[in-house]
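The values are calculated or read from the model by the stated rules, or taken from the named source; none is laboratory data. Because the structure is a prediction, the values reported are computed rather than measured. Backbone-built Cβ (ideal geometry, glycine too); neighbour counts: all protein chains shown.
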Amino acid sequence: MPEFKQPILYSFRRCPYAIRARLALFYARINVEIREIVLREKPKEFLATSPSGTVPSLRLKMRVLDESLDIMKWALGQNDPTNLMAMPEYGFDLISECDGNFKHALDRTKYPNRFPDADPAQSRDKASVFLYKLENILSPNLFGANMSIADLAILPFVRQFAHIDQVWFYDQDWINLIKWLDSFKQSSEFNKIMTKIGPWQVGDTPVMFSDLFLS
């Protein structure tokens with residue numbers, strides 16, 4: 001694979017996996033070229049790069065990182081000025097539970113037409129079990145006053161779940177969870193990495209992460 005001047009991140013703005021990857025790159029202050037992908041019209045350059053054809057996908061000089069958590073770990077392994085990796089090993093267990101049982105229930109709550117054999121109300125209840133676990137841990141973040149990689153990895157999915165039915169979500173008694181989510185959504189870091197950019201096309205002037213997010 002040829003070398004490139006900058007790593008290239010293929011992303012989709014609203015995808016929670018892509019959100020967590022952009023957050024880690026932002027906190028690590030790593031500059032990349034960012035290419036917004038239209039998922040229904042994936043360019044062949046992206047498909048040639050990404051083994052899975054999914055976002056996020058980070059093309060480095062000699063390899064491709066095709067999993068969001070791998071991108072987070074790589075970025076924070078390069079530079080971690082706010083010590084996001086300083087958390088108990090249990091934090092990775094929480095991420096695994098988020099990406100496993102919680103995401104499974106979230107999808108069946110959010111997309112009932114895709115999963116006709118699943119009951120959306122029961123799926124919501126199953127997802128809520130994980131959220132109440134977080135509620136009992138938060139103080140105000142998962143491991144105290146400071147954010148960790150677990151917070152950044154899980155929050156985009158809590159946000160996605162909350163947006164399914166915001167009236168219902170904010171009517172629940174997970175007070176710590178709501179404060180945690182609202183603080184995240186109001187943060188400058190989140191709002192910067194959610195900057196809208198147009199879909200990437202071959203020949204476009206590169207859009208650099210630093211121009212959008214790191215200034």
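Search segment 33-50 for residues being hydrophobic (A, V, I, L, M, F, W, C) and either in contact (Cβ under 8 Å) with a residue 24 or more places away in the chain or closer than 18 Å to Ile193 by Cβ (or both), and hand back the single one that is surrounded by the fewest Cβ atoms within 10 Å (Cβ to Cβ).
Filtering first and then ranking leaves Leu39.
Cβ-Cβ distance below 6 Å, separation of 6 or more or different chains: which pairs start in segment 99-120 with a residue that is within 13 Å of Ile164 (Cβ to Cβ) and end on one that is of a type in the set (A, V, I, L, M) and assigned to a loop (DSSP other than H, G, I, E, B)?
Arg108/Ala118; Thr109/Ile164; Lys110/Ile164
Conditions first: (1) loosely packed, with under 12 Cβ neighbours inside 10 Å; (2) not assigned by TED's automatic domain parsing to the domain that holds Lys126. Met208 passes all but one, so which condition is the exception?
It is condition (1) that Met208 fails.
So if I check each of Glu45, Glu67, Glu41, which one is at pLDDT 95 or above, charged (D, E, K, R) and in the same structural domain as Ala21 (by TED's automatic domain parsing)?
Answer to the check: Glu67.
The conditions are (1) free of Cβ contacts under 8 Å to residues at least 24 places away in the same chain; (2) buried (at least 20 other Cβ atoms within 10 Å of the Cβ), and Pro56 fails exactly one of them. Which is it?
Going through the list (1) free of Cβ contacts under 8 Å to residues at least 24 places away in the same chain; (2) buried (at least 20 other Cβ atoms within 10 Å of the Cβ), Pro56 breaks only (1).
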